[in-house]
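A quick write-up on the structure given underneath.
The values are calculated or read from the model by the stated rules, or taken from the named source; none is laboratory data. Here the structure is a predicted model, which is why all the values come from computation and not from measurement. Virtual Cβ from ideal backbone geometry, glycine too; neighbours counted across all protein chains shown. What goes into the accessible areas is simple: the full protein's heavy atoms, side chains included, and nothing from ligands, DNA or RNA. Shrake-Rupley method; radii C 1.70, N 1.55, O 1.52, S 1.80 Å.
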Amino acid sequence: LVAGTLTAQWLRVDAAGLNAGLYGFNAYLTGLALATFMAPTPQLWFYVVFGGAVSVVVMLALVNVFRTWSVSVLTAPFVLLSWLLLLGTNAFSGLDGGALPPVGEIVPIDPAAANPMQLGDFLQGLFSSISQVFLKGHGPAALLLLAGLAVSSLPAALFALLGAVTGLITAHALGAESQLITAGLLGFNPVLTAIALGAVFHRPGVRVVLYTLLATVLSVIVQGAMIAAMTPFGIPTLTAAFVLVTWLFLLPA
């Protein structure tokens with residue numbers, strides 16, 4: 001976050017966007033992702049500072065590209081840059097990506113992996129879906145995040161809950177792997193999609209809620225598709241499903 005903010009100041013970005021945090025959140029998420037999937041070596045800290053700085057350049061580049069369609073770049077700079085940096089760990093012995101998902105072939109899910117959901121599993125999946133927005137499955141963290149959202153915007157907190165519940169129900173109804181559901185790995189993208197479409201880019205209302213629900217369900221399916229697509233590369237999907245679905249639902253407006 002510090003590296004991204006200092007880089008944004010050095011590049012003389014617009015003061016309003018800088019003060020609003022628009023040039024820091026992608027750097028912040030990049031640091032979280034790198035520290036989550038890489039071992040704590042000296043090279044990791046170089047990667048974190050470097051990634052935070054470059055995320056600003058990537059954001060400025062994508063903003064210029066997407067200005068044509070008048071849509072926000074969202075967390076696309078974080079996703080693109082983190083994918084490149086994490087893939088790069090395979091080429092350098094000093095970069096240890098030991099916590100990355102294993103490289104594998106795309107294999108359809110075994111129906112036995114989709115177990116009936118109990119109340120405890122539902123609650124765990126609910127909280128994990130919210131905290132996984134910041135790459136951590138942690139119940140108390142989810143409550144703190146919800147509280148922070150509510151302080152800033154009560155509709156945003158409510159849409160976060162709506163997204164988490166909708167994501168859980170959709171994933172379970174479609175027969176997703178139970179461990180992925182309870183870990184929140186199929187729910188964090190629906191949470192972000194619901195917040196963005198329901199409380200950030202549109203004013204809450206009945207039509208907006210229905211429109212948001214449609215996008216939230218799609219984000220679960222797209223997340224499943226992204227998991228399959230990234231499996232041969234051994235890298236996490238991050239928030240790619242949120243970015244893609246939100247773009248698709250913002251462009252018709």
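Within the listed set Val107, Val79, Val217, the residue fluctuating most in the Gaussian network model of the chain (springs between alpha-carbon atoms under 10 angstrom) is Val107. Net charge dipole, the chain: roughly 660 debye, given to the nearest 20, about the Cα centre with Cβ charges of +1 for Lys and Arg and -1 for Asp and Glu. Adding -39500 (n - 2.57) for every DSSP H run of four residues or longer, then dividing by how many residues the chain holds, sets the calculated 222 nm ellipticity at -20000 deg cm²/dmol. How high is the FRET efficiency between Leu161 and Ala225 when r is their beta carbon distance and R₀ equals 30 Å, given to the nearest 0.05? Efficiency at R0 = 30 Å is approximately 0.75. For the chain, the fraction of 1.4 Å probe accessible surface lying on carbon and sulfur atoms is 71 percent. Whole-Hz Karplus values for the range 101-109 come out as x, x, 6, x, 8, 6, 10, x, 5 Hz, taken residue by residue from phi with 6.51 cos²θ - 1.76 cosθ + 1.60 and θ = phi - 60°; glycine and proline positions read x. Along the Cα-to-Cβ line of Ser153, 7 Å from the Cα, sits a label point; which residues in the range 181-211 have backbone N less than 19 Å from it? Within reach of a label on Ser153: 188-211.
Here the Karplus curve 6.51 cos²θ - 1.76 cosθ + 1.60, taken at θ = phi - 60°, turns the phi angles of the range 45-58 into couplings of 5, 4, 4, 5, 5, 4, x, x, 5, 5, 4, 5, 4, 4 Hz, with x standing for Gly and Pro. Full extension of the chain segment joining Thr36 with Arg207 gains 57.8 nm, where the gain is 0.36 nm per residue of separation less the Cα-Cα distance.
Contact order, relative form, for the chain: 19 percent (alpha carbon pairs under 8 Å, 6 or more residues apart, mean separation divided by residue count). If you take all other residues with their beta carbon under 15 Å from the beta carbon of Ser178, and give Lys and Arg +1 and Asp and Glu -1, the sum is -3. Rolling a 1.4 angstrom probe over the protein heavy atoms with all chains in place gives the range 1-133 an accessible area of 55 Å² per residue.
For the chain, modelled as a GNM whose springs connect Cα atoms under 10 angstrom apart, the maximal fluctuation among Val191, Val222, Val200 occurs at Val200. Other residues within the sphere of radius under 15 Å centred on the Cβ of Phe159, judged by their own Cβ, net out at +2 (K and R +1, D and E -1).
Peptides 203-212, 55-64, 179-188, ordered by how many other C-beta atoms sit within 10 Å of their residues on average, highest first, read 179-188, 55-64, 203-212. Two decimals is fine: what is log10 I(q)/I(0) at q = 0.08, 0.10, 0.16, 0.18 Å⁻¹ for the chain, from a Debye sum with one equal scatterer on every Cα and no solvent? At q = 0.08, 0.10, 0.16, 0.18 Å⁻¹ the computed log10 ratios are -0.31, -0.49, -1.28, -1.54. The simple spin-label model puts a point 7 Å past each Cα toward its Cβ; for Leu143 and Phe122 those points are separated by 2.0 nm.
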